[in-house]
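To start, the structure under review is shown below, and the notes come after it.
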Amino acid sequence: MYGLFIDDPKLNFASSHFIVEHDKCEHLHGHNYTVEIELMGSLDKDRMVIDFKKAKDAVKTLCDKLDHSVLLPGKSKSLAITETNGQIEVKLSEKFYSFPKDDCTILPTLATTAEELAAYLFKELKKTLPQLTKVYVAESEGSKAFYSD
């Protein structure tokens, strides 16, 4: 079995988020996330697992969708997320946020932790990259989460 590890500095996104019921991280804050992937498979007719460019392009497209966005966990039981007049309104206990809809990405996750982001990216990328085996998401240098099937 052959494998690839892709760690390209262009595979990144800058987003803001908050972690519900976390002492420090419940405050709205942001990260410059980086994404790395691993793929495994047999060699194709060109003697490649997959063309590096094809894999990088798939990751870059997904990163671009998250870039400069407020990430919200659409499956969170603790948040009330609604859309009103082009605004995304978020209620959490006594906190209330209102963001322009175009500035938000509502993810099908319970939280917006690095672990959940890795799982989300993995599931989305697996649709076009069947050789994908692992996705890493770092929210800062030295702090990296991953998801694997």
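Throughout, read-outs are computed from the coordinates displayed, never taken from laboratory work. All values derive from a computational prediction rather than experimental measurement. Every residue, glycine among them, receives a Cβ derived from its backbone with ideal geometry; neighbour counts consider all protein chains shown.
Roughly what angle does helix 114-126 make with the longest principal axis of the chain, taking Cα atoms, 0 to 90 degrees, to the nearest 10?
That works out to roughly 50 degrees.
Say a paramagnetic label sat at a point 7 Å from the Cα of K77, along Cα to Cβ; which residues of the stretch 21-55 have their backbone N under 17 Å from it?
Counting only backbone N, you get 21-22.
Once the other residues with Cβ under 14 Å from the Cβ of C25 are scored (Lys, Arg +1; Asp, Glu -1), what is the net sum?
-4
Mind checking which of K24, K56, K126 has the largest fluctuation in a GNM of the chain, springs on alpha carbons under 10 Å?
K24
What pairs from K91/K144; K24/K91; K65/K126; K101/K126 go past 20 Å between their alpha carbons?
Long pairs (Cα-Cα over 20 Å): K91/K144; K101/K126.
Run down the aspartates and glutamates and flag those whose C-alpha is under 14 Å from the C-alpha of K75, throwing out any fewer than 8 positions away in its chain.
Within the straight-line limit of under 14 Å, K75 reaches these aspartates and glutamates: E116.
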